[in-house]
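Please treat every number below as a calculation from the coordinates, not as lab data. Since the model is a prediction, treat every value here as computed from it, not as a measurement. Note that we place each Cβ from the backbone using ideal geometry, even for glycine, and neighbour counts take in every protein chain shown.
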Amino acid sequence: MKVRCPDCEGEIKVPDDAIAGEIVSCPDCGQEFEVYFEGEELKLKQAETVKEDWGE
Amino acid sequence: MVVVVKFGGDLVANKEVLDRLAQDIAEVSEKDKVVVVHGGGDVVTMIAEKLGKPQVFITSPDGFRSRYTDKETAEIYMMVMAGKINKEVVISLLKAGVKALGVSGVDGGLLRAERKKRLVIIDERGRKRAIEGGYTGRIMGVNVEMLKGLLEMGFVPVVAPVALGDENEVLNVDGDRAAAHIAGALKAETLVLLTDVDGVMIDGKLVDKMSLSKARSALKRVGAGMITKLYATIEALEEGVEKVIIASGLKERPVTSSLMGRGTVITVGD
């Protein structure tokens, strides 16, 4: 499925079997977005930047 | 001189290695102020499994593998890190004549951390995904006055990498990063990160010296086990530590020989 980038209107390919939390990136602007669902509708929100410090 | 020494679970789990390390710390602490930070993730995994709680591991997009710390795991983590492992290290140091005092990051609010609400992983389908963060934390503060007080009293503090979150929850924090923040807060001259390899290996060769900028660029070129040490190195140098040494803890007099330049020595400039 193809979804418009919320930032630059570029075209983001999202796998048909995408699940909530999946991270996709825009090929045009490089921004990363997290998949979420409102009812049945797939939406994208800005992905949080998470630093790599995960404990022992 | 203030030296922070961190060693991991592979060294803690081997009594002979631990006792040898303790002898060396005894020697170093005669002239320098020493803070010890230990790891022990493998021991936590082993005990958790014995308790019927198999551990789940997740991988970050950069290849960093870590345990998934749910509430029950956080409780086991605290028991093992702040209990069994911390006390075994303290006993080994006491045997070697070191005035060792064990504390976890919870005691005295020594390590304050921000709970990571989300983690980004590579899931079982090989895709990037954000999941609930569980009980791991990013260190935000160190009670440096407490550590200074203990050092002034002649103690060698032995710190377990357990931190206290904003809502007073117990958090699993990485030992290398804990050591880096402690070294930074103390303005320690040297942070020694002991591991089971000779130092930072790039293209199969040991790197004997590195600058901060080279350490940053090496992040993509080292194995998963070394990534966390390089992140810790970068944080320590950025916080004002003069020198970080990554070296093998399996050698004779591992701390003394590291301070003399064995392993990989990383400084801000070239």
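What to note about this one:
- The set of residues from region B:97-149 being surrounded by fewer than 19 Cβ atoms within 10 Å (Cβ to Cβ) and in a helix (DSSP H, G or I) comprises B:Asp107, B:Gly108, B:Gly109, B:Val144, B:Glu145, B:Met146, B:Lys148, B:Gly149.
- For region B:232-258, the set of residues classified as touching a helix residue (DSSP H, G or I) at 6+ places or on another chain (Cβ under 7 Å), in a helix (DSSP H, G or I) and either away from chain A (no Cβ under 14 Å) or buried (at least 21 other Cβ atoms within 10 Å of the Cβ) (or both) consists of B:Ala232, B:Thr233, B:Glu235, B:Ala236, B:Leu237, B:Pro254, B:Val255, B:Thr256, listed by residue number.
- Here the condition is being assigned to a strand (DSSP E or B) and facing chain B (nearest Cβ under 8 Å); of A:Glu34, A:Glu56, A:Glu48, it holds for A:Glu34 alone.
- In region A:1-29, the qualifying residues are those that are in a strand (DSSP E or B) and of a type outside the set (Lys, Arg), and the one that is surrounded by the fewest Cβ atoms within 10 Å (Cβ to Cβ) is A:Glu11.
- Among residues that are within 29 Å of B:Gly141 (Cα to Cα), touching a Pro at 6+ places or on another chain (Cβ under 9 Å) and touching a residue at least 60 places away in the same chain (Cβ under 8 Å), B:Gly199 is not included.
- Those residues of region B:202-228 which are outside any strand (DSSP E or B) and basic (Lys, Arg), in sequence order: B:Lys214, B:Arg216, B:Lys220, B:Arg221
- Residue check, B:Asp42 assigned to a helix (DSSP H, G or I), in contact (Cβ under 8 Å) with a residue 12 or more places away in the chain and buried (at least 18 other Cβ atoms within 10 Å of the Cβ): no
- Some residue of region A:30-40 being closer than 30 Å to B:Glu235 by Cα, touching a Phe, Trp or Tyr at 6+ places or on another chain (Cβ under 8 Å) and crowded, with 20+ Cβ neighbours inside 10 Å: no
- Inside region B:150-162, residues that are in contact (Cβ under 8 Å) with a residue 24 or more places away in the chain, away from every other protein chain (no Cβ under 14 Å) and assigned to a loop (DSSP other than H, G, I, E, B) make up a count of 2.
- Within region B:163-176, residues that are more than 13 Å from chain A (Cβ to nearest Cβ) and among the aliphatic types (A, V, I, L, M) reach partners that are in a loop (DSSP other than H, G, I, E, B) and crowded, with 22+ Cβ neighbours inside 10 Å with beta carbons closer than 8 Å, at six or more positions or on different chains, in the pairs B:Leu164/B:Gly105.
- If you filter region B:45-87 down to residues that are within 13 Å of another protein chain (Cβ to nearest Cβ), surrounded by fewer than 14 Cβ atoms within 10 Å (Cβ to Cβ) and free of Cβ contacts under 8 Å to residues at least 24 places away in the same chain, you find that the one that is nearest to the chain's Cα centre (by Cα) is B:Phe57.
Each row is one residue, and each column tells you yes or no for (1) in contact with a helix residue (DSSP H, G or I) (Cβ under 6 Å, 6 or more places away or on another chain); (2) closer than 21 Å to B:Thr256 by Cβ.
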| site | (1), (2) |
| --- | --- |
| B:Tyr135 | yes, no |
| B:Gly141 | no, no |
| B:Met146 | yes, no |
| B:Ala160 | yes, no |
| B:Val170 | yes, no |
| B:Glu189 | no, yes |
| B:Met226 | no, no |
